[in-house]
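K.L.:
Below are the structure tokens for one structure; questions will follow.
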Amino acid sequence: MFRKTIGLFSLAIVVLLIAGCGKNKTSITLAGSTAFQPFAEKLAEQYMSTHANVSITVQGGGSAVGVQSAISGAAQIGMADLVVLPEEAKQLTPTIVARDGIALVLNPANKVINLTMQQVREVFNGKIKNWKEVGGADSPITVVSREAGSGTRSSFEQIVTEISLTKDALIQDSNGTIRETVANDPNAIGYLSHGLLNEKIRAIKIDDQECTTELITAGKYKIVRPIFLLVKGDPQGEVKNFIDYILSAEGQNTIKTTGLIPAK
Amino acid sequence: MSLIGERGVRRILAVTAFSAISALLLIALFILNEGLPFIFRYGLHDFLLKSDWDPQAGKFGIYPMVAASLWVTFGAMVVGAPLGVAGAIFLSEFVPKSVMRVIKPTIELLAAIPSVVYGFIGVMVLAPLIRTQLGGPGLSLLAASIILGIMILPTVISISIDSIQAVPQSYREGSLALGATTWQTIHMVTVRAAKSGIIASIILGMGRAIGETMAVIMVAGNAVKIPHSALDSVRSLTANIALEMSYATGLHRQALFATGVILFVVIIILNSFAIVVLRKRVYKK
């Protein structure tokens, strides 16, 4: 009985292995930026539906992981959403595949609709502590930021410049939890990827420019970061084909309809 | 044949038994190996007592996190210990055995609820309540203390019940025969006799509170600062590791492992303390 089970089991494994290898698929792994991850998954799905010989896996981990895994070879393509690529990324070939606005978000109950870049800086530095200083209600500001090392946080701080985050800032570890915190707290201000805005929170204007795809494309909304795909050496074979697909009209259109800003 | 089988089983059991211990040893070695070099390089004093945590600028002072962990644990004790001990006394002294047989497993079931669920309740219910009633950002030391206080209840209650029930019935009978009331018997005889078990239950609860991560990340707000009031947001040692580990490289990563070393040492001290207290009870009998 026991032997029979083992026999059947090994047979099943052999069959599975043969079936798996049969088509001789090329596999590509993407890893890194959690902001681009859902879009990369969508693009990979579309690409695979027309290219049956390729299997694409998309992993998260954050921009730092994207850079590291592209260098180590753990992933063929690293994803990073940084304004300035780190020193060690010099050996990689970067391609900008999309851009992403970072929206400053408030609770819908908050009446403030516009902040200047200087006000944003002072709010996050802890110099402005009350909403009445920027034309809102008389209540203390709850600053919500991301953890040290987050691509969104470093992009935000590099674009706004001269930010040394107030020690009172709450720290949340993803775009999603930032959204929940702001949605739950009428006094909160946070920032997150433009593609992840929803009705529970409200994006404000920065220097009178709204955070919309049009104004970001026109270069009027300033808090925008590039999304890089990083490849060791020159992209070749299926890796190159996939990146070319993302840059093609169809790929860029997907990027646009799902909420990111096309690269060009 | 059966002899070989006998020996074989013995060996297999030995391997599985030692695998648990060797896993513990490997984890300890790994954390120490990754974390200690950093502590030696940066200096234990600076690491533990400086209050600037800015990994990008190369500043690694975990004092605010140490303070936060201690305060959160203390808060959880204030909430959980009286509730737990009172509950245990009530359940073991006032409730009939048959009822207890239903209630105790139910309380122990509390321990089976994933911490992320406690955190979720904290975020959705407790934090808004604190914000509207008491002020501050809501995600705070107070919220974390209350949630952790509830989370340690099963530990405190079930170990306390066990130790109160282990008090020989003759103690109670003797006290009652001398004319003491039920309450006098409980607080002067029963609880006193069960003291070491109750203390051990609180210490084990403390171990759970200081090591809890997910629920604390969700409800404490994670601001790196020394709390001035219970309404301030804090970041515990565990939250610091979990929040930044996915991004950390190089020195930053080592600093997080070093944070783990500190946490490990604190928890080992707490647990050994609990073991010593529990052993004393056994010895007394």
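What follows draws every value from the coordinates through simple rules; no lab data is involved. Just so it is clear, the structure is predicted and the values come from calculations on it, not from any experiment. A quick note on method: Cβ atoms are made from the backbone with ideal geometry, for glycine too, and the neighbour counts reach across all protein chains shown.
K.L.:
Considering every Cα-Cα pair within the stretch B:51-180, what fraction, in whole percent, is farther apart than 18 Å?
P.N.:
I get 67 percent for the Cα pairs in the stretch B:51-180 exceeding 18 Å.
K.L.:
For a quick check, take a GNM of chain A with Cα springs below 10 Å and name the residue from A:LEU192, A:LEU106, A:LEU85 with the largest mean-square fluctuation.
P.N.:
A:LEU85
K.L.:
Moving to a separate point now. At a 10 Å Cβ-Cβ cut-off, how would you order A:HIS51, B:HIS45, B:HIS187, B:HIS252, fewest neighbours first?
P.N.:
If I rank by nearby Cβ atoms, fewest first, I get B:HIS45, B:HIS187, A:HIS51, B:HIS252.
K.L.:
Tilt of helix A:63-72 relative to the longest C-alpha principal axis of chain A, in degrees (0 to 90, nearest 10)?
P.N.:
Tilt of helix A:63-72: around 30 degrees.
K.L.:
Cα convex hull of chain B: how many Å³ per residue?
P.N.:
Each residue corresponds to 202 Å³ of Cα convex hull volume.
K.L.:
Okay, moving on. For the stretch B:37-111, what's the radius of gyration and Dmax over Cα atoms, in angstrom?
P.N.:
21.5, 62
K.L.:
What whole-number distance in Å separates the alpha-carbon centres of the stretch A:220-238 and the stretch A:92-152?
P.N.:
The stretch A:220-238 and the stretch A:92-152 have Cα centres separated by 25 Å.
K.L.:
For the protein assembly as shown, what is the calculated [θ] at 222 nm in deg cm²/dmol (nearest 500), taking -39500 (n - 2.57) for each run of four or more DSSP H residues and dividing by its residue count?
P.N.:
Value at 222 nm, helices only, nearest 500: -18000 deg cm²/dmol.
K.L.:
Between B:ILE113 and A:SER139, what's the calculated FRET efficiency when r is the beta-carbon distance and R0 is 35 Å? Round to 0.05.
P.N.:
0.55
K.L.:
Answer with one residue from A:GLY190, A:ALA31, A:ALA218: the one whose Cα lies farthest towards the positive end of the charge dipole of the protein assembly as shown, charges on Cβ with Lys, Arg +1 and Asp, Glu -1.
P.N.:
The one lying farthest along the dipole's positive direction is A:ALA31.
K.L.:
Say the cut-off is 28 Å between C-alpha atoms; which of A:LYS90/B:LYS50; A:LYS25/A:LYS232; A:LYS90/B:LYS59; A:LYS200/A:LYS222; A:LYS132/B:LYS59; A:LYS90/A:LYS167 go over it?
P.N.:
Where the Cα-Cα span goes over 28 Å, the pairs concerned are A:LYS90/B:LYS50; A:LYS132/B:LYS59; A:LYS90/A:LYS167.
K.L.:
So what's the angle, to the nearest 10 degrees on a 0 to 90 scale, between helix A:151-160 and the longest Cα principal axis of chain A?
P.N.:
Rounded to the nearest ten degrees, it is 30.
K.L.:
Need one number: nm distance between label points at A:ILE159 and B:ALA23, each 7 Å from Cα along Cα→Cβ, rounded to one decimal.
P.N.:
My value for the distance between the label points is 4.5 nm.
K.L.:
Looking only at other chains, what is the average number of their beta-carbon atoms within 10 angstrom of each beta-carbon in B:189-202?
P.N.:
Mean number of neighbouring Cβ atoms from other chains: 0.
K.L.:
So, one more: Determine the shielding of peptide B:214-222 by partner chains: average, over its residues, the number of Cβ atoms on other chains within 10 angstrom of each Cβ.
P.N.:
Whole-number average of other-chain Cβ neighbours for B:214-222 is 3.
K.L.:
Also: How compact and how long is the stretch A:101-217, expressed as Rg and Dmax of its alpha-carbon atoms in Å?
P.N.:
Every Cα atom of the stretch A:101-217 included, Rg and Dmax give 12.7, 36 Å.
K.L.:
When the chain is fully extended, how far beyond the present Cα-Cα distance does A:ILE113 get from A:THR26, taking 0.36 nm per residue of separation?
P.N.:
Result: 26.3 nm gained on full extension.
K.L.:
Could you pull out the chymotrypsin sites (Phe, Trp or Tyr not before Pro) across the stretch B:88-132 that fall in loop regions by DSSP (anything but H, G, I, E, B) with no more than 14 other Cβ atoms inside 10 Å?
P.N.:
B:PHE94
K.L.:
Anything in chain B that counts as a DSSP H helix reaching 27 Å or more along its axis (C-alpha) with Kyte-Doolittle mean of at least 0.5? List them, would you?
P.N.:
For chain B, where a helix must reach 27 Å along its axis and average at least 0.5, the hits are B:2-42, B:63-93, B:250-284.
K.L.:
Here's something else I'd like to know. For chain A, take the longest principal axis of its alpha carbons; what is the angle in degrees between that and the long axis of helix A:175-184, to the nearest 10 within 0 to 90?
P.N.:
For helix A:175-184, the angle is close to 40 degrees.
K.L.:
Using every pair of alpha-carbon atoms in the protein assembly as shown, split the distances into 10 Å bins beginning at 0 and state the percent of pairs per bin, rounded to integers.
P.N.:
Using 10 Å bins, I get a P(r) of 3, 14, 20, 21, 18, 13, 7, 3, 1, 0 for the protein assembly as shown.
K.L.:
Take every residue in peptide B:242-254, count the Cβ atoms of other chains within 10 Å of its Cβ, and give the average of those counts.
P.N.:
Rounded to a whole number, the mean comes out at 5.
K.L.:
If you count, for each residue, the other Cβ atoms within 10 Å and average over each peptide, how do A:125-132, A:143-150, B:103-110 line up from highest to lowest?
P.N.:
Those peptides, ordered most packed to least, come out A:143-150, A:125-132, B:103-110.
K.L.:
Using alpha carbon centroids, what distance separates the stretch B:16-36 and the stretch B:225-273, in Å?
P.N.:
Going from one Cα centre to the other spans 19 Å.
K.L.:
Which of the GluC sites (Glu not before Pro) across the stretch A:187-264 are loop residues per DSSP, with 11 or fewer other Cβ within 10 Å?
P.N.:
A:GLU199
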